[in-house]
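Undergrad: Please see the structure below; I have some questions.
The values are calculated or read from the model by the stated rules, or taken from the named source; none is laboratory data. Please read all numbers here as calculations on a predicted model, not as lab measurements. Reconstructed Cβ throughout: ideal geometry from the backbone, glycine too, with neighbour counts over all protein chains shown. These accessible areas exclude ligands, DNA and RNA; they are computed on the full protein's heavy atoms, side chains included. Shrake-Rupley method; radii C 1.70, N 1.55, O 1.52, S 1.80 Å.
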Amino acid sequence: MSGQMTVKPSLEGVLASAKATKGAKGLPPVHKWNPPFCGDLDMRIAQDGTWFYLGTPIGRPELVRLFSTILRKDGDDYFLVTPVEKVGITVDDAPFVAVDFTHEHEGQDQALTFFTNVGDRATASEANPIRVEIDADTGEPRPYVLIRANLEALIDRKSFYRLVDLGAHHEIDGVAWFGLWSEGRFFPIVRSSDIKDA
């Protein structure tokens, strides 16, 4: 992205910086860091949540978790950010996958808490909304939940099927929708009129 590069970013350099930022608890404050952009790293997060480096899957979960803690989205682009460098990576869809969830209570009092493939958890709410995109060609839903700071998780198929069982109909601006309640907020999935009887 920049023609003034003097040092090509390396996995080892980013890894060393990431380890240095690892705190006793909580996530590093990547939103506060403004290091220089150092170029792109040949790292990719596939649609299924697998992280690749130089085309090879990163097989160590603790390493993937470490990298996930320094991930940031600026605009439409994803970066690994440390206090000293910012490197671009490729994300095929969402950076995380919601692989499971729990629910407490019923109806409008329901709370849906999602768990990701990298160890994050987030309860769907005003701050962590659920959204659903419908594929224009296939009509298939692609559900997401915001996990933290512009970073979403694709809700996996098995979890989405379980969520549908917890769905309810609710009217928004005179239109009936089928969707999900969590933390007192309703998240629409599809218009009730578009649901076909099995």
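Undergrad: Determine the order of His170, His31 by accessible area, beginning with the largest, at a probe radius of 1.4 Å.
TA: Numbers: His170 60, His31 135 Å².
The ordering from most to least exposed comes out as His31, His170.
Undergrad: Antiparallel as a % of all DSSP beta bridges within the chain, to the nearest 5? Before the final figure, lay out the partial values.
TA: Details: 42 of 49 bridges.
Once the DSSP bridges in the chain are tallied, antiparallel ones form about 85 percent.
Undergrad: Follow-up. Could you give the size of the charge dipole of region 81-198 about its Cα centre, using +1 on the Cβ of each K and R and -1 on the Cβ of each D and E, expressed in debye and rounded to the nearest 20? Please report the intermediate quantities before stating the final value.
TA: Details: 11 positive and 21 negative charges, 42 e Å.
In total the dipole reaches around 200 debye.
Undergrad: Could you estimate the translational diffusion coefficient of region 74-149 from the Stokes-Einstein equation, with Rh from the Kirkwood formula over C-alpha pairs, at 10 °C and 1.306 mPa s, in whole µm²/s?
TA: On the way: Rh = 14.6 Å.
Translational diffusion coefficient: 109 µm²/s.
Undergrad: Can I ask one more? Which far-off residues, 5 or more places away or on another chain, put their amide H under 5 Å from the one on Thr123, with H placed in the peptide plane?
TA: It is Phe114, by chain and number.
Undergrad: Keeping the other protein chains in place, figure out the carbon and sulfur percent of the accessible area of the chain, with a 1.4 Å probe.
TA: Working: 5560 of 11190 Å².
Whole-percent figure for carbon plus sulfur exposure: 50.
Undergrad: Mind giving me the FRET efficiency for Leu166 and Glu62? R0 is 30 Å, r the Cβ-Cβ distance, nearest 0.05 is fine.
TA: On the way: r = 33 Å, r/R0 = 1.09.
Working from the Cβ atoms, E equals 0.35.
Undergrad: Å³ per residue of the Cα convex hull, for region 123-198? Don't jump to the answer; show the numbers that get you there.
TA: Numbers: hull volume 8.8 nm³, N = 76.
Once divided by residue count, the hull of region 123-198 is 115 Å³.
Undergrad: Now for a different question. Can you tell me, using C-alpha contacts under 8 Å and at least 6 residues apart, the relative contact order of the chain as a whole percent?
TA: Values: 369 pairs, mean separation 31.3, N = 198.
Computed over the chain, the figure is 16 percent.
Undergrad: Let me ask another. If you take the Cα atoms of region 43-114, find Rg, then find the Kirkwood Rh from the mean of 1/r over all pairs, what is Rg/Rh?
TA: Dividing the radius of gyration by the Kirkwood radius yields 1.09.
Undergrad: Can you sort Ser68, Ser193, Ser10, Ser17 by solvent-accessible area, 1.4 Å probe, largest first? The partial results should precede the final answer.
TA: Working: Ser68 0, Ser193 100, Ser10 40, Ser17 20 Å².
These residues rank, largest area first, as Ser193, Ser10, Ser17, Ser68.
Undergrad: While we're looking at this one, here's another question. Subtracting the Cα-Cα distance from 0.36 nm times the residue separation, let me have the gained length for Phe186 to Asp93 in nm, one decimal.
TA: Details: separation 93, 0.36 × 93 = 33.48 nm, distance 2.44 nm.
Extending this stretch completely gives an extra 31.0 nm.
Undergrad: Could you report region 109-198's accessible area per residue, 1.4 Å probe, as an integer in Å²?
TA: Details: 5030 Å² over 90 residues.
On a per-residue basis, region 109-198 sits at 56 Å².
Undergrad: Per 0.36 nm of contour for each residue apart, how much would the distance between Ala176 and Ala149 grow if the chain were fully extended, relative to their Cα-Cα spacing? The partial results should precede the final answer.
TA: On the way: separation 27, 0.36 × 27 = 9.72 nm, distance 3.06 nm.
Full-extension gain reported as 6.7 nm.
Undergrad: Over the chain, with a Gaussian network built from C-alpha contacts below 10 Å, which listed residue (Trp181, Trp33, Trp51) shows the highest mean-square fluctuation?
TA: Trp33
Undergrad: Select from Ile172, Ile155, Ile70 the residue whose mean-square fluctuation is largest in a Gaussian network model of the chain (Cα-Cα springs shorter than 10 Å).
TA: Ile172
Undergrad: Could you grab the relative contact order for region 86-198? Cα pairs under 8 Å, six or more apart, rounded to a whole percent. Present the calculation step by step, with values, prior to reporting the outcome.
TA: Numbers: 211 pairs, mean separation 28.1, N = 113.
Relative contact order comes out at 25 percent.
Undergrad: Let me ask something additional. From the phi angles alone, apply the Karplus equation (6.51, -1.76, 1.60; θ = phi - 60°) to region 30-38 and give each ³J(HN,Hα) in whole Hz, x where the residue is Gly or Pro.
TA: Here the 3J(HN,Hα) series is 4, 5, 8, 8, 9, x, x, 6, 10 Hz.
Undergrad: Tell me, what is the FRET efficiency for Arg142 and Lys32 to the nearest 0.05, using R0 = 30 angstrom and their Cβ-Cβ distance as r? Kindly include the intermediate steps, with their values, before the conclusion.
TA: Details: r = 32 Å, r/R0 = 1.05.
Computed FRET efficiency for Arg142 and Lys32: 0.45.
Undergrad: Starting from the coordinates of the alpha-carbon atoms of the chain, obtain the Kirkwood hydrodynamic radius over all distinct pairs and give the value in Å to one decimal.
TA: Details: mean 1/r = 0.0544 Å⁻¹.
Final number for the Kirkwood radius of the chain is 18.4 Å.
Undergrad: Here is a further query. Once the convex hull of the alpha carbons of region 11-81 is built, what does its volume come to per residue, in cubic angstrom? Please report the intermediate quantities before stating the final value.
TA: Values: hull volume 7.7 nm³, N = 71.
Residue-normalised Cα hull volume stands at 109 Å³.
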